[in-house]
Structures are given as structure tokens and as C-alpha cells.
Amino acid sequence: MLKRIGIAMLLCAVAAQAQPDRPNIVWLVSEDNSAGWLKLYDENGASMPTIEKLAAHGLVFNHAFSCGVVCSVARSTIISGCYAPRTGAEYHRKQEPVPMPEGIKMFPYYLRAAGYYTSNCHKEDYNFAPSEKAGVWDESSKKASYRKRQPGQPFFHVQNYTTTHESSLHFKDMAQPVATDANGVELYSYHPDTETFRYTYARYLDNHMKLDAELGKFIQGLEKEGLMDDTFIFYYGDHGGVLPRGKGYAYNNGQQVPMVVYVPKNWTHLAPVRPGSRIDGFVEFVDLSATVLNLAGAEIPKGIDGEPFLGNGVELAELNARDTAFGYADRFDEKYDLVRTVRQGDFIYMRSYQPFNYDGLHNDYRYKMIAYREWRDLYRDGALNEVQRQFFERRPPETLYNLKSDPDEVNNLAGDPAYADRLLQLRALLRQRVKSMPDLSFIPEPVFLKEGLQNPTAYGRKNQARIGALVEIADLSLRQFPEVKQGIARALASADPVERYWGVIVCSSFGEQAAPFYEKAKTMAASDADRLVRVRAAEFLGLTGQADPRPVIYEVLKQVDDPVEANLILNSATLLEDSAPGYDFDPSAFSSASWAKGKGNLAKQRLDYLAK
């Protein structure tokens with residue numbers, strides 16, 4: 001009898017020892033998936049039984065947002081827990097890596113310090129300096145695995161999947177058979193109904209099913225190792241989907257991602273609601289670091305922008321009350337833009353600070369997809385309807401969409417008196433966000449790299465009032481021209497070249513309404529002390545047909561030695577060539593320029609396009 005009691009006590013002691021004191025955490029991250037491509041979120045989406053099984057034993061987040069709408073920006077937001085425009089990490093691809101914000105480490109550093117084994121297989125794609133990774137990962141490589149941890153050690157593991165990446169749709173022809181019925185897919189209203197688009201949809205939905213099988217194999221490994229009862233499993237897409245007007249664009253389809261979190265049996269007390277539930281509250285990528293640290297019982301560093309949505313202290317009522325998400329789009333490879341969004345409930349407000357930079361402006365990587373090229377060809381042939389044409393035409397400076405009644409975001413409510421109060425509310429909220437951040441993108445990238453690269457967040461604090469003034473200048477385009485004429489004149493006469501720069505951008509936003517500033521713009525294009533101001537003035541005159549912008553742009557490019565500055569200027573050249581009235585640029589004069597050399601040179605990509 002005593003012997004049996006002794007054996008029982010020993011078994012209990014072993015069981016207690018085997019019970020971990022902290023949960024394991026796994027991230028399964030797929031590339032380029034917005035929520036609507038999964039049947040879990042939309043009846044027209046792909047069936048993904050592995051993810052649906054996780055959801056049955058976990059939580060589905062109905063409103064999860066990537067903030068940034070392209071890989072490196074979204075991932076920089078995640079790893080830092082900070083909004084990228086505040087840290088200087090908002091440009092894709094980085095021309096110079098930036099340091100992490102003062103006093104903050106990439107968040108796995110804190111997990112590792114707390115005793116976790118941290119592994120990443122294998123994509124990073126951060127816009128931060130490589131030196132910032134010191135002490136962050138036990139291993140980050142194609143072979144990284146949680147299995148290399150010490151016995152009994154809790155782990156945080158990230159597994160990345162490329163199956164649905166944009167490059168998977170860079171096919172040369174449509175010869176490969178598809179399992180999805182191309183004739184049965186439901187097209188977005190802004191896409192033309194063609195064989196090419198239907199086939200591309202079907203290929204992409206097929207890729208989701210392949211992805212699901214890959215995820216299933218990984219989860220089977222966890223099951224065989226007996227880890228499911230102690231491991232939180234997050235599945236999410238790293239930003240929106242890749243069909244044209246998805247990834248790289250600040251529409252909801254580029255921001256809202258699927259997010260499912262499996263809740264392990266032994267740790268259900270760390271979830272705010274029972275497994276099998278759906279959460280309506282808004283969560284953003286800036287919240288992921290705080291959430292993982294909270295689940296692990298590690299201290300959340302001061303200075304990050306996110307807050308936990310799982311773990312101790314998170315209550316369902318407060319979580320479901322979160323109803324606001326912030327989004328941003330800047331430079332994607334060689335294509336510049338500046339768009340900010342704020343979504344609150346069913347409404348999304350989009351602020352296009354350079355609305356003449358239309359969505360479909362050439363971007364080399366985007367246009368490797370046949371569907372992109374066909375869409376542009378149909379536009380040039382006059383074969384699209386009004387909704388389908390908008391991608392290739394000037395945008396309004398601000399748009400407001402009701403996603404409940406208009407999920408495709410094609411019916412702009414900004415001019416509807418019935419929504420005037422909502423418009424003003426969201427406009428004010430966005431303005432407050434970019435000012436208080438402060439948003440470093442209001443300083444042109446080449447200027448920021450010269451002035452603020454060493455310490456972007458300190459630079460932002462020092463220049464907060466200046467950035468606030470630039471936001472006010474930019475927002476002159478939201479009012480009637482007679483009301484803001486004097487404000488534009490003050491900006492054009494400012495001693496600060498960046499204020500003059502934004503003053504001319506506002507003129508381009510007004511177009512021909514800004515005719516009273518034609519003569520001032522001609523003087524600035526000819527002789528302003530700042531090269532970027534000269535180019536923006538020439539751009540304004542070119543877009544309105546008042547003067548040929550090419551002589552000024554040619555002259556300025558001969559003076560440039562910085563490839564980042566050259567690329568920004570060539571963005572204007574591309575816009576001017578591809579927009580009415582149209583100007584044919586000859587890039588041969590610059591093919592030997594120092595800024596046109598080097599692998600991955602974005603300015604050279606622009607030259608190559610202009611040469612076609």
C-alpha cells in the first residue's frame with residue numbers, strides 16, 4: 001500500500017514538473033492575404049480547413065489590421081510595436097536602415113531575456129539596422145526551429161509561408177490548370193470581368209488551399225510532440241491580398257488581414273472569452289508585440305504604440321470597444337505616394353496627400369502580373385466603366401467609405417451632406433494622429449535621410465512643430481481654393497524649402513484652380529534654391545499644361561548625386577509622361593549618372609520604364 005502511494009506521488013511530481021509555468025507561442029504567418037480571401041471571413045473566399053479547425057478551438061478576430069500595406073513596413077511595425085511613420089521605417093524598400101526607437105528593442109529580445117527560446121523561420125524583412133537584431137533571436141534562418149530549445153524551456157517560434165506571395169501570380173501564361181472554377185469566382189466591382197482576371201483569382205484561391213495544407217503539416221508536428229495543450233498558435237496574413245488594388249494600396253483590402261488564435265487547453269484563462277468565439281474589437285499589428293509579451297508574463301516596454309489583446313488584464317468588453325485602426329502607404333519600391341487612413345467602425349477615411357499620384361502609376365513589381373498590365377491596357381483603350389477607370393485617374397484628396405454597404409470602396413461619401421459630421425470627425429482624428437506621432441513622411445525621404453537618419457524619433461520630436469505646420473499646409477487642399485489662396489501664397493514664400501515643397505504640391509492638388517500661382521511656379525521652377533521645390537513647381541506646370549516640365553527636370557537631374565533624390569524626381573517624370581497632357585522623357589542622358597548604377601537601384605528602375 002505504501003509502495004503504491006509512493007509511486008502515485010512520484011507520478012504526480014513528474015506531471016507537475018512537466019506542466020510548464022508559461023505558455024509556448026507560435027506564429028504561422030502567410031504572405032499577402034487579406035481577410036476576404038478566406039471563407040472564414042467571406043463566403044466567396046477559399047476553404048481552409050486547417051485554419052477553420054484552429055478557429056473552432058480558438059478566437060477569430062473579425063477586425064485585424066496590418067497598418068502598413070506592404071511586407072517590410074508591416075513587419076517593421078510588428079517587430080517594433082511602433083507605427084512605422086514615427087520611426088522612419090515606412091518606406092519599402094529601405095534605402096538606408098534606421099535605428100530602433102530610443103530605449104526599445106525588437107520585442108523577442110524581451111522574451112529571450114525572460115527565458116524563452118526565440119526562433120524565426122525565416123523571413124525578417126525589417127527596415128531597421130542589422131545591428132538592432134543583437135540578442136533578439138536564438139536563431140533566425142531557414143533551419144530555425146523551436147525543437148532546438150533546452151528541455152522544458154518555453155518557446156516563441158515564427159514560421160513564415162510564401163505560397164500566397166505576390167510572386168506566385170507572376171505567371172507568363174494561363175496554361176496551368178486550376179482547381180477553382182474561374183467562371184464561378186466573384187470579382188471586385190473595380191476589376192474588369194475578363195478571362196485573365198478570373199484565372200488570376202482562381203490561381204490565388206488555389207494557393208490558399210495549398211497554404212492550408214502546409215499549415216496543417218506544421219500543426220501535426222506540434223500534435224505529435226504533445227505541445228497543443230500549452231501552445232498559443234496565431235495565424236495571420238502579413239498584409240492585404242495581391243490582386244490589383246490590394247497589397248501596396250491603403251484601401252481596406254490592403255490592410256484588413258485574417259487573424260485566428262488557437263487557445264491551448266491549459267491556458268484558456270489567458271483568453272477574454274471561451275474558445276470558438278469571434279472578437280469584434282479592432283486589433284492592429286502594433287498590438288502583436290504587447291500581446292505576446294503579456295501572454296508570456298514579460299514586462300511590456302514603455303514607448304511602444306501597441307496594447308495587448310490577450311493575456312492577463314484583457315477584458316472582453318474593453319477589447320470589443322476598440323473600434324479604430326490607423327493605416328499608411330508611402331513608397332513601394334520606386335513608386336512614391338503618401339496616403340493615410342483611419343478606420344472607425346464601418347467607416348474608413350482615406351487622405352491622399354498627393355492625389356495626382358494616381359493609384360495605377362507604374363510600379364515595376366506590381367506590373368509583373370498579367371492582370372495589372374491588362375487592366376492598364378483596357379484603360380488606355382477606353383474599355384473600362386467609371387468604377388474600373390478610377391484606378392488610373394486622379395483621386396480626391398479625401399474619401400469616405402461605408403464598408404458595410406460598400407465593401408469595395410467605390411462610393412465616396414466625402415461630398416454627401418448626410419455624412420458631413422462623420423467626415424469632419426475622421427478628418428480631425430487623422431490630422432491629430434499624424435501631428436502627434438509626428439509623421440516623418442511629411443519630410444521628403446531624401447531630406448529625412450540627410451537630417452534625421454541617426455535618430456528618427458528624436459528628430460521627429462525636435463521637428464514636431466515643423467511637421468505640424470506641413471500638415472496644415474497639406475490640408476489646405478481640403479478647403480475651397482478662394483479660402484486658402486493666401487495660405488498657399490505664404491507657403492510658397494516660406495524660408496523653409498519643405499513648406500515651399502508642400503505649397504506647390506497643394507497647387508498640383510487644385511490643378512487649374514490654382515492658376516493664380518502659375519507665374520510664381522514658373523519663377524520657382526527656374527530658380528528656387530531647392531532642387532525638389534523646382535521639380536514640384538515644374539510638375540504643377542506640366543500637369544496643368546502651362547509649361548513643358550522636361551527642361552527643368554533634366555537640368556536638376558544633372559545636378560543630383562543621391563539615388564534617393566533622383567528616384568523621387570523620376571517619380572514626377574513618370575507621372576508626367578503617363579498623365580495628360582503627357583510628356584515623353586528621354587532617359588538616355590542619365591544612364592551613366594552615378595545615381596543610376598548599382599544592383600537594386602530604384603532610380604534605374606524608373607529610367608528603364610521611361611526608356612520603353
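The values are calculated or read from the model by the stated rules, or taken from the named source; none is laboratory data. Bear in mind that the values here come from a model prediction, so they are computed numbers and not experimental data. We place every Cβ from the backbone using ideal geometry, glycine too, and count neighbours over all the protein chains shown.
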Exercise. Tell me, which residue of region 416-435 that is charged (D, E, K, R) and in a helix (DSSP H, G or I) is farthest from Gln344 (Cα to Cα)?
Worked result: Lys435
Problem set entry | Filter result for the condition that a residue is touching a Pro at 6+ places or on another chain (Cβ under 8 Å), surrounded by fewer than 17 Cβ atoms within 10 Å (Cβ to Cβ) and over 22 Å from Val552 (Cβ atoms), over Arg461, Arg490, Arg466, Arg479 | Arg461
For this session: Provide a single number: the residues in region 292-308 that are in a loop (DSSP other than H, G, I, E, B), within 21 Å of Thr118 (Cβ to Cβ) and in contact with a helix residue (DSSP H, G or I) (Cβ under 8 Å, 6 or more places away or on another chain).
Result: 7
Problem set entry | Counted residues, region 320-342 - those being over 14 Å from the mean Cα position of the chain (by Cα) and more than 19 Å from Asn567 (Cα to Cα) | 5
For this session: Given the conditions (1) over 29 Å from the mean Cα position of the chain (by Cα); (2) touching a residue at least 60 places away in the same chain (Cβ under 8 Å), report the number of the one that Gln605 does not fulfil.
Result: (1)
For this session: Quick one: which helices (runs of 4 or more DSSP H) lie wholly within region 464-565 and hold at least 3 residues that are over 26 Å from Asn601 (Cα atoms)?
Result: 464-474, 481-492, 497-510, 518-527, 531-543
For this session: Inspect all residues belonging to region 214-227 and state whether any of them is outside any helix (DSSP H, G or I), crowded, with 18+ Cβ neighbours inside 10 Å and modelled with pLDDT of 95 or more.
Result: yes
For this session: Kindly indicate whether Thr163 is touching an Asp or Glu at 6+ places or on another chain (Cβ under 8 Å), under 19 Å from Thr50 (Cα atoms) and polar (S, T, N, Q).
Result: yes
Problem set entry | Residues located in region 561-584, provided they are free of Cβ contacts under 8 Å to residues at least 60 places away in the same chain and either surrounded by fewer than 21 Cβ atoms within 10 Å (Cβ to Cβ) or in contact with a strand residue (DSSP E or B) (Cβ under 7 Å, 6 or more places away or on another chain) (or both) | Asp561, Glu577, Ala580, Pro581, Gly582, Tyr583, Asp584
For this session: Residue by residue through region 585-600, note down the ones that are touching a Leu at 6+ places or on another chain (Cβ under 9 Å) and assigned to a loop (DSSP other than H, G, I, E, B).
Result: Phe585, Asp586, Ser591, Ala593
Exercise. Taking Thr50, is it of a type in the set (S, T, N, Q), assigned to a helix (DSSP H, G or I) and surrounded by fewer than 24 Cβ atoms within 10 Å (Cβ to Cβ)?
Worked result: yes
Exercise. Counting just the residues of region 590-605 that are surrounded by 12 or more Cβ atoms within 10 Å (Cβ to Cβ), in contact with a Lys or Arg (Cβ under 9 Å, 6 or more places away or on another chain) and not polar (S, T, N, Q), which one comes out farthest from Ile505 (Cα to Cα)?
Worked result: Lys597
Problem set entry | Candidates Arg389, Arg433 - the one that is among the charged types (D, E, K, R) and either under 20 Å from the mean Cα position of the chain (by Cα) or on the phi > 0 side of the Ramachandran plot (or both) | Arg433
